[in-house]
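Accompanying notes for the structure given below.
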Amino acid sequence: MAAAFLVACGKKEEPVVAAPAESTPAAAAPAAPAGPILDDEKVLNIYNWPDYITENMVADFEKEFGIKVNYDTFENNEALHAKLVAGNSGYDIVVPTVGFSKKQLEAGLYQPLKKEQIPNLANLDPEFMTKLAAIDEGNRHYVPWGWGFTTVGINRQKVAAALGTDALPENSWELVFNPEYSRKLRSCGILFLDSPTEIMPAALHYIGKDAYSGNPDDLRAAGEMLAKIRPDVRLFSSTMIDDIAGGKGCAFIGWSGDINIAKDRVNEMGGKDEIVPLLPSTGGVFFADVMAIPADAKHVNNAHAFIDFFLRAENGAAMANEVNYPTGNKAAMPLIDEAIKSNQTIFLDDANMSRLIPSGGYPNEVSSVLNEVYNAFKRGR
Ligand code: N2P
């Protein structure tokens, strides 16, 4: 894991400035108090993506800490952002995507962590944290939740039947962005995630532009490409796992882990079709999601207790084993199943890793063009 963190927003990757010893994760451990510090009100409000937590994590935390967790989900970064900007979200932990969240950090929407209350920061991969520090200087606000990549997934049998051949293009993005393929897949259904900041980076990259270009002309050019394949997109989905497993489509732009979950679900249901997340030759779009505590959170100590709990090695391993998303938790690695560790669409090898499109965010100046282009695409004009 590493290269993909290079920020695509004009900032060069810089080595992390040697942080004062007491603020490094490893050095935080000795200062940890005997028991966790909790708030008087035994409540914790979490806002996260759907299908992004292990089955027992919340219940186990509630039982051990005597805290009631209210766990809500949002569909995309835009929805989370709107909630945070409106203020008084009521959430104590939210899970933004790093590239997108840069503007939230700059706007002071998150509070610095009290690292002495998170001794398990020591479990994190220092290399991962160094990359994260390119956006969150000194790792002051963010703790890794999960990472993966946005990519093209297929139902292998349905796609083969629709294409009339077994040969898939090397650049899997062709399946959904090149009308020669998408026309043929139209009958079995193309599904797209529903968010400008999921679709536009892939579209820009496909037409040979910077995935996070701040040039309105580039965004409009991507819109022109998208207009040509619009008739072939059946559904903009915010319930991708269910939609894939329910057979609503044969080719999808989705998240790597979710496509793998859908694959498992189809297998469990005894389905014969094989759901496959593909590794496009030109790269999928890397994402890393992090826990952050909103500046106006009410249960800050409880939030720290949960973050520390999440960082236990066994919980990090369960995220990969159960949810198909790696976490950046180095201590978890020995506890991760071999089959998961060797799955090239979960833990990428160096070659695939280096092909991923680095995380990034769009400059504020183009946000209206970005939304205009995306909404025009969705509406089909
Ligand atoms: C949802 C996990 C993907 C989050 N299941 C993408 N940032």
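The values are calculated or read from the model by the stated rules, or taken from the named source; none is laboratory data. Being a predicted model, the structure only gives us computed values, none of them experimental. Reconstructed Cβ throughout: ideal geometry from the backbone, glycine too, with neighbour counts over all protein chains shown. Heads up: the accessible areas ignore ligands, DNA and RNA and are worked out on the full protein's heavy atoms, side chains in. Shrake-Rupley method; radii C 1.70, N 1.55, O 1.52, S 1.80 Å.
A few notes on this one:
- Check on L121, part of a loop (DSSP other than H, G, I, E, B) and under 24 Å from N315 (Cα atoms): no
- G316 vs. criteria assigned to a helix (DSSP H, G or I), in contact (Cβ under 8 Å) with a residue 40 or more places away in the chain and in contact with a strand residue (DSSP E or B) (Cβ under 8 Å, 6 or more places away or on another chain): yes
- Residue among E137, E174 that is under 30 Å from P96 (Cα atoms), assigned by TED's automatic domain parsing to the domain that holds A202 and acidic (D, E): E174
- The stretch 255-276: number of residues that are more than 16 Å from the ligand (Cβ to nearest atom), among the hydrophobic types (A, V, I, L, M, F, W, C) and part of a helix (DSSP H, G or I): 1
- Number of the condition not met by N215 [criteria: (1) touching a residue at least 24 places away in the same chain (Cβ under 8 Å); (2) farther than 29 Å from D273 by Cα; (3) open to solvent by less than 30 Å² (accessible area, probe 1.4 Å)]: (3)
- Selection count, the stretch 84-102, where residues are more than 21 Å from D40 (Cβ to Cβ) and within 16 Å of the ligand (Cβ to nearest atom): 10
- Among the candidates Y47, Y71, residue that is hydroxyl-bearing (S, T, Y), surrounded by fewer than 18 Cβ atoms within 10 Å (Cβ to Cβ) and within 16 Å of the ligand (Cβ to nearest atom): Y71
- Residues located in the stretch 85-99, provided they are surrounded by 22 or more Cβ atoms within 10 Å (Cβ to Cβ) and assigned to a helix (DSSP H, G or I): V98, G99
- Consider the stretch 227-254 and keep the residues that are part of a helix (DSSP H, G or I) and crowded, with 24+ Cβ neighbours inside 10 Å. The one that is farthest from the ligand (Cβ to nearest atom) is I244.
- Residue selected from the stretch 331-375 under the condition among the charged types (D, E, K, R) and within 19 Å of the chain's Cα centre (by Cα), by the criterion most open to solvent (accessible area, probe 1.4 Å): R355
- Selection over the stretch 330-366 of residues that are closer than 19 Å to N260 by Cβ and in a loop (DSSP other than H, G, I, E, B) gives a count of 11.
- Those residues of the stretch 277-304 which are buried (at least 24 other Cβ atoms within 10 Å of the Cβ), in a helix (DSSP H, G or I) and either among the hydrophobic types (A, V, I, L, M, F, W, C) or at pLDDT below 95 (or both), in sequence order: A303
- Across the stretch 147-168, the number of residues qualifying as touching a helix residue (DSSP H, G or I) at 6+ places or on another chain (Cβ under 6 Å) and within 16 Å of the ligand (Cβ to nearest atom) comes to 6.
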